[in-house]
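> Sharing a structure here in structure tokens format.
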Amino acid sequence: MRRMEETVRVRLRRVRLRKVIRDRSNPFEDLAEEEFLQRFRLTKECVLNLLQNIRGHLPIAADARGCPIPQHLQLLITLRCMATGGHQLTISDCYQVSQTSISRCIWTVTPIIAQMAKDYVKMPTGMNAIRVMEGFLEIARMPGIVGAIDCTIHIHFLRPACENPELYHNRKGIFSLNCQAVCGPDLTFFNIVARWWGSAHDSNIFNNSLLRHEFEQGMHKGKLLGDMGYPCRSYLFTPLMNPSNQSETAYNEAHIKTRNKIECAFGVLKRRFSCLGKRLYTALDTTKKHYCSSSCATYFCNSE
């Protein structure tokens with residue numbers, strides 16, 4: 001009897017389970033424009049434009065074995081993770097792929113989009129800079145403003161596995177990144193710095209940034225608007241501490257109205273990509289690329 005049981009077990013071990021090849025649907029065809037926007041936070045035209053720019057960098061299966069994830073679905077899975085901030089296991093059930101595949105898509109796609117930020121997210125020059133100044137001028141009649149600068153509310157993530165993790169421990173008692181950005185009157189991001197730990201001060205981030213060096217070298221025309229956390233410079237205007245007359249009060253009011261654009265940009269970004277407003281369960285490098293890739297994806301949406 002025991003020999004029969006052992007024989008059956010051996011035969012069962014030798015039986016190879018047939019792999020089920022799932023038919024993955026195409027959200028571009030199955031979803032209406034409004035449904036697509038609700039799930040991925042970007043329009044179909046914007047996602048197709050983004051896909052066209054990164055298609056050459058996405059991996060393609062070398063053979064027809066298994067069921068490789070197509071390039072457009074790799075991008076959509078990554079956007080869905082950034083849009084919802086949900087657990088990877090939950091999203092894997094929606095797309096009938098493993099949690100490991102979800103993680104691999106994020107690890108592959110986010111650095112590609114973040115790398116694109118160097119080519120698309122940049123300070124305006126020439127006629128673009130003049131249009132940006134005109135847009136800021138219409139807000140509160142402040143001339144020569146080329147960008148509003150600020151550091152966003154800290155992006156929360158797990159304790160990093162690095163040499164000095166306590167540097168990322170901010171005043172709120174959480175591990176986070178302090179990210180600096182510059183935007184225009186239409187909420188388009190012009191500059192992003194997403195590498196500083198949560199305990200870093202806003203002025204320290206700016207003083208060590210390439211943007212400060214470029215303005216001091218006269219590479220950009222116009223002025224920046226910052227809050228009291230930044231030092232007042234000839235190219236960086238901050239509000240007055242104690243206005244003593246009507247002119248100074250009017251300046252502060254115009255400054256607040258104009259600089260409010262960067263606050264709106266941060267709000268729209270975190271509303272569009274909810275992962276930035278939640279606790280991220282990703283590695284430190286992936287967390288940095290989440291912010292850059294989200295900002296770059298927003299650029300494609302604003303440039304339609």
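The values are calculated or read from the model by the stated rules, or taken from the named source; none is laboratory data. Everything numeric here is computed off the predicted structure, so don't read it as measured data. With ideal geometry, Cβ positions are generated from the backbone for all residues, glycine too; neighbour counts draw on all protein chains shown. Only protein heavy atoms, including side chains, enter the accessible area calculation; ligands, DNA and RNA are left aside. Shrake-Rupley method; radii C 1.70, N 1.55, O 1.52, S 1.80 Å.
> Over the stretch 168-257, what portion of Cα pair distances is larger than 23 Å, expressed as a whole percent? The partial results should precede the final answer.
Details: 1355 of 4005 pairs.
The calculated P(r) of the stretch 168-257 puts 34 percent of pairs beyond 23 Å.
> How large is ³J(HN,Hα), in whole Hz, for each residue of the stretch 243-257 in order, when computed from phi with the Karplus curve 6.51 cos²θ - 1.76 cosθ + 1.60 and θ = phi - 60°, using x for Gly and Pro?
x, 10, 9, 5, 5, 5, 5, 5, 4, 4, 5, 5, 4, 5, 5
> Thr90 versus Leu167, label points 7 Å from Cα toward the beta carbon: distance in nm?
A separation of 3.4 nm, rounded to one decimal place.
> With every protein chain left in place, what is the accessible area per residue of the stretch 180-233 in square angstrom, probe 1.4 Å?
43
> Evaluate 2.2 N^0.38 Å with N set to the residue count of the stretch 223-264, then give the Cα radius of gyration divided by it.
Relative to the 2.2 N^0.38 Å estimate, the stretch 223-264 comes out at 1.11.
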